[in-house]
1. Given N residues in the chain, what is its alpha carbon radius of gyration divided by 2.2 N^0.38 Å?
2. Quick check on region 311-370: what does the Kirkwood estimate of hydrodynamic radius come out to from the alpha carbon pairs, in Å?
3. Return the calculated 222 nm mean residue ellipticity for the chain, to the nearest 500 deg cm²/dmol, obtained by summing -39500 (n - 2.57) across DSSP H runs with n ≥ 4 and dividing by the residue count.
4. Calculate the radius of gyration of the Cα atoms of region 406-455 to one decimal place, then report Dmax, the largest Cα-Cα distance, as a whole number, both in Å.
5. Over region 387-468, what is the relative contact order in whole percent, taking alpha-carbon pairs under 8 Å and six or more residues apart?
6. How large are Rg and Dmax for region 426-468 when calculated on the C-alpha trace, in angstrom?
7. So if each residue of separation counts as 0.36 nm, and I subtract the Cα-Cα distance between residue 260 and residue 346, what length gain in nm does that give?
8. So how tilted is helix 171-199 from the main axis of the chain? Cα-based, degrees 0 to 90, rounded to 10.
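The values are calculated or read from the model by the stated rules, or taken from the named source; none is laboratory data. Since the model is a prediction, treat every value here as computed from it, not as a measurement. Every residue, glycine as well, gets a Cβ built from its backbone with ideal geometry; the counts of neighbours run over all protein chains shown. Surface areas here come from the heavy atoms of the whole protein model, side chains and all, with no ligands, DNA or RNA. Shrake-Rupley method; radii C 1.70, N 1.55, O 1.52, S 1.80 Å.
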Amino acid sequence: MSKNTNQNPFASRQTDVSAKRTIRDSKMMRWTALGLMSLTMMAAYFFYDAMAPLKGMLERTQGWSSDDYGIFTSAYSWFNVFLLMLFIGGLILDRKGIRFTGTLAASLMVVGAVVKYAALSGILPVDGEFLGFKMQVLYASVGYGIYGVGAEVAGVVVTRALAKWFKGYEMALAMGLQVAIARLGTGIALLTANPLAQYLDGIPQLILFGVTLLVIGLVTLLIYNVFLDKRLDNQMETNIIVADEEQFRLADVKTVIRNRGFWLLATLCVVFYSCVFPFLKYAPDIMTHKFGVSEDNAGSIAALLPFGTIILTPLFGGIYDKKGKGATIMLIGALMLVLVHSCFSVPGITSPLFAIALMILLGISFSLVPSAMWPAVTKILPENLLGTAYALIFWVQNIGLLGMPILIGHILENRGKTVSPEGAISYDYTAPMLIFASLAVLSVVISLLLAREDKIKGYGLEKANIKN
């Protein structure tokens, strides 16, 4: 083993590639693959965020509390965290490949969504409680948890597939575009969920609409499997000789978990996303109770974040591809996150225009960090471990997605809730925003440690992705 600690330990693990071209060398085929997979993730993101603008409607029509909403939101990560489903999904991906794992994941999304619809539509019995949970909340949570397994594993599959198609090409741009298209689903959900639920005459009908989108996403993934991924694999089997050391071995997982750079990246992921995704679940409610925006329009302001990232994430990804500076990009995004959440926590700031400005800044931050973070994994770990590595990162991320909604919902219900004599409910979001701001400060610290580790180990996070 080399004693040079300034070099990436995986730099010597190479794959012997013949001179013959494959369809991944065709720009049109690469971007077609990206488009098909992105449609699947766009449907997943719509369903993930469709309930965010409906917190008030759930309280009025279903009798839910903030605690119920927090528990339901956290259920997305129940099975991923406690049953290690993401880790298992990563192992399946590394052993069974993209087509099998992707189809399984997309199918689980549909199954979970159907269970959630059955709970909210009354098909499943909703009377009574079990272990302190309202039956409707419990059934909806179980469905959301099953969906969450599929959605997170699908995210791992798509990320791994993009690394397969775009390595040596426009990888950061491709990952940025995929995230941008997926977040279009979030933007549409935040913008339209409330009026759609009213137009369709209820939350269950909106959920059924989301189920339909997920079925379409499953179909697009099957098209990708049959016409693109299978063809590429056949060409790679002919044109690429994979050395024995490149084959996946379960023992190699130890290599991942012993890598300090990997854990810094994973920790940055969980801290950063815990400041964003749980915040988005409550953002429309924040606009209503802190900034005085009507419930019908609150989702429109929250939607500025995902719509802004649609343009900015690919832009920053393209900059990373050509100019590098990945560690610097992540640090700048983390600093902006501190600024945004600190301003949101100031009690006296209640102007809707200020809220709009903060959401735009948050959108920039949310574009900077992921545009550099996900491609950085491919520089820290070898290709044969990327499925497991992404799965472990997503698993760590899900710990934050599980804990933060429960914490915020509990604080709102027990410390931030006031009821007027007329029965109107209002919430004080000062304490939750201070929690988000504290996590944002931690993300800055981790970004600095990651930049330092990159200089020590020579991962190349500051170098361009496109090789001349």
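1. Output field value: 0.96.
2. After inverting the pairwise mean of 1/r, the radius is 12.2 Å.
3. -24500 deg cm²/dmol
4. Rg and Dmax of region 406-455, Cα atoms, are 17.4, 61 Å.
5. Relative contact order for region 387-468 comes out at 15 percent.
6. 17.2, 58
7. 27.3 nm
8. Around 20 degrees separate the two axes.
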